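These notes concern the structure reproduced below.
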Amino acid sequence: MTSGGSGPFCALCGEHATETVEPPRRTLARGLDPSDQSYSVTVILPDIALCAEHALELRQGERHVGWCDDPRCRTYGELGGPSGCGSPYEKLGPSRRT
Ligand SMILES: [Zn+2]
Ligand SMILES: [Zn+2]
């Protein structure tokens, strides 16, 4: 495996990703009016790109990947860690707000 090619890159370490993991579905607010809490849709997030090491750790439950839904980000990263916009990455998983 040679490095230096074009993406995808591991969501956790930025190394060249060798596999992808299917994320759980999430219900996220996607309203035109941010103050309207009633508007939410189930979005299917893109596959999580990971290097072999982190894909293994994720499967073993040693690492957790979070998602930032800020329009500037919409990327994966380490759960609870700071994302590009400054908000922490949020836990993935089924939403129980309904
Ligand atoms: Zn990695
Ligand atoms: Zn962010």
Q: Give me the net charge of GLY14's neighbourhood, meaning all other residues with Cβ under 13 Å from the Cβ of GLY14; Lys, Arg count +1, Asp, Glu -1.
A: -3
Q | Exposure proxy order (Cβ contacts within 10 Å, fewest to most) of LEU12, LEU50, LEU45 | A | LEU45, LEU12, LEU50
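The numbers here are math on the coordinates, done by the rules we state, and not lab data. Being a predicted model, the structure only gives us computed values, none of them experimental. Here the Cβ is made from the backbone with ideal geometry for all residues, glycine too, and neighbour counts use every protein chain on show.
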